[in-house]
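**Q** Sharing a structure here in C-alpha cells format.
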Amino acid sequence: MTTYLLAGGGTAGHVNPLLAVADRLREREPDSTILVLGTKEGLEARLVPERGYELLTIDRVPMPRRPDAKALEFPRALRGTIDAVRQIIVDRGVEVVVGFGGYVSAPAYLAARAENIPLVIHEANARPGMANRLGAMFTGFVGVAFDGTKIRGGTFVGMPLRREIEQLDRFEARREGIRFFGLDASKPTLLVTGGSSGARSINETMSESVTLVLGAGWQVIHVTGEYRDALPDPKLAGYVVVKYMDRMDLALGVADLALGRSGTSTVAEAAALGIPAVFVPYPVGNGEQRLNARGPVAAGGAVVVSDSAFTQEWVAEQLVPLLRDRATIAEMAVRMATTGALDGTDRMVELIGRALASK
C-alpha cells in the first residue's frame with residue numbers, strides 16, 4: 001500500500017495525464033491512496049473530484065516576471081506553499097510526489113526534496129516549463145512526452161493517455177459517435193477544438209468559415225471551450241457546436257481530420273489514433289506548441305499554420321482544397337499514426353515504480 005501525491009493542474013495538458021496516471025495506479029493498486037494537489041481555480045477543481053480523487057488545494061504563486069511589489073512578496077508566499085505541502089506529506093504519509101507541471105508543482109517538488117521522499121516528473125511539452133526544469137534538478141526520474149525534449153535526466157515515456165483513448169475502437173466509436181452527435185455517416189468529419197479555455201482565432205475563423213467547410217462535403221464538430229464571448233450557433237445541418245466535450249472519445253472516433261492548438265494532449269491523442277491534423281500553435285509563451293507539432297509535421301501527418309495566418313482566406317485557399325483531396329487526407333492519417341504511442345501511461349507508472357524502489 002502506497003500513498004501518492006500527484007501535483008499539477010491549470011490546463012488540460014497537465015490535468016489529463018495526471019488523471020490517466022492516477023487511474024492506472026488505482027487499477028493496479030486499489031488499496032493505495034492517491035491524493036491530488038492543485039488549485040481552486042484550475043480545471044482540476046472540477047475534473048479531479050468528478051473522477052473520484054481527493055483534491056488538496058494550495059494558493060497559486062506565479063513566478064514574478066518583473067521587479068515590483070509582487071516580486072518582493074514572492075519568497076514569503078512560496079515558502080508558505082512549500083510548508084503547506086510539507087505538512088500534507090507528513091500528515092498523510094505521502095511516500096512519493098509525482099509532478100506534471102503548473103503552478104502547484106514547484107512547491108511540491110521543493111517539499112518532496114525537503115522531506116527526502118522520491119520525486120517523479122512528467123514533462124508534457126517539447127520545451128520544458130519552468131517548474132519542471134526546477135524539479136529535474138532534484139531527481140533522476142523525469143519522463144518526457146516527446147523524444148528529444150531537453151531536460152535534465154529526461155527519459156522518453158510518451159504521453160499518458162486516458163483509458164478510453166488507449167482502448168478506443170475507432171470503428172465502433174464512429175458508429176456510436178454518428179448517432180450521438182446526429183451526423184451523416186456518409187460524410188467525413190472535421191473536429192475543431194480550441195483547448196479547455198477556448199481559442200479566439202480558431203473559434204472566430206471557423207464560425208465565419210463553416211459554410212466553406214460544409215460546402216466541401218464535410219461536417220464539423222466544433223468544441224469552443226470556455227470561450228468568454230459566446231459564439232452564435234447558426235443551427236446549420238452538419239455543424240455541431242458545444243462548449244465542453246464530455247465524450248471526446250466519440251468525437252475522436254468520428255474525426256477524419258482534426259484542427260486546433262498543438263498542446264501536448266491534442267498532439268499525443270491525434271498521433272496515437274492516427275488522426276491527421278491542422279495545428280494552429282498558441283502564439284503566446286515560449287513556442288512550445290510549435291515544437292510539439294514538429295514530429296507529426298515532419299512525418300507528413302500534420303500541417304501547421306500560424307495563428308495570425310489562420311483566417312477565412314486561409315480556410316478558402318488552403319483548407320478547403322485539402323478537404324476535397326481525400327487521398328491526401330488518407331495518406332496523412334497513415335503517416336500520423338507512425339508518430340504516436342499508446343503506452344505512455346504504463347511507461348510513466350513504471351518510472352514511478354522505479355523511483356519508489358530506489359528509496
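**Q** Would you be able to tell me the number of residues in the stretch 115-127 that are farther than 20 Å from I89 by Cα and touching a residue at least 60 places away in the same chain (Cβ under 8 Å)?
**A** Number of matching residues: 4.
**Q** From G153, G158, which residue is touching a Ser or Thr at 6+ places or on another chain (Cβ under 9 Å), in contact (Cβ under 8 Å) with a residue 40 or more places away in the chain and of a type in the set (G, A, S)?
**A** On the way: G153 fails: in contact (Cβ under 8 Å) with a residue 40 or more places away in the chain.
Of G153, G158, the one residue that is touching a Ser or Thr at 6+ places or on another chain (Cβ under 9 Å), in contact (Cβ under 8 Å) with a residue 40 or more places away in the chain and of a type in the set (G, A, S) is G158.
**Q** Would you mind listing the strands (runs of 3 or more DSSP E) fully within the stretch 1-75 where at least 1 residues are at pLDDT below 95?
**A** 33-38, 54-57
**Q** Right, here's the next one. In this structure, is A333 surrounded by 14 or more Cβ atoms within 10 Å (Cβ to Cβ), modelled with pLDDT of 95 or more and within 21 Å of V142 (Cβ to Cβ)? Let's see the steps before the verdict.
**A** Values: surrounded by 14 or more Cβ atoms within 10 Å (Cβ to Cβ): yes; modelled with pLDDT of 95 or more: yes; within 21 Å of V142 (Cβ to Cβ): no.
When the stated conditions are applied, A333 does not pass them.
**Q** Which condition number does D256 fail, the rest of (1) open to solvent by 10 Å² or more (accessible area, probe 1.4 Å); (2) at pLDDT 95 or above; (3) within 15 Å of the chain's Cα centre (by Cα) being met?
**A** D256 satisfies every listed condition except (3).
**Q** A further question follows. So is A298 within 30 Å of R179 (Cα to Cα) and out of contact with any strand residue (DSSP E or B) (no Cβ under 7 Å at 6 or more places or on another chain) or not?
**A** Numbers: within 30 Å of R179 (Cα to Cα): no; out of contact with any strand residue (DSSP E or B) (no Cβ under 7 Å at 6 or more places or on another chain): yes.
No: the conditions fail for A298.
**Q** Continuing with this model, one more query. Hey, among the residues in the stretch 89-107 that are within 12 Å of Y4 (Cβ to Cβ) and assigned to a helix (DSSP H, G or I), which one's most open to solvent (accessible area, probe 1.4 Å)? First the steps, then the outcome.
**A** If we filter the stretch 89-107 for residues that are within 12 Å of Y4 (Cβ to Cβ), which is where we start, we get 89, 92-99.
Checking which are assigned to a helix (DSSP H, G or I) leaves us with 89, 92.
Working: I89: 7, R92: 98 Å².
Applying the filter and picking the extreme gives R92.
**Q** Given the stretch 114-220, what helices (runs of 4 or more DSSP H) lie entirely inside it while holding 2 or more residues that are surrounded by fewer than 23 Cβ atoms within 10 Å (Cβ to Cβ) and among the basic types (K, R)?
**A** 170-181
The values are calculated or read from the model by the stated rules, or taken from the named source; none is laboratory data. Quick caveat, the model's predicted, so the values are computed rather than measured. Backbone-built Cβ (ideal geometry, glycine too); neighbour counts: all protein chains shown. Protein only, heavy atoms only, side chains kept; ligands, DNA and RNA dropped before computing areas. Shrake-Rupley method; radii C 1.70, N 1.55, O 1.52, S 1.80 Å.
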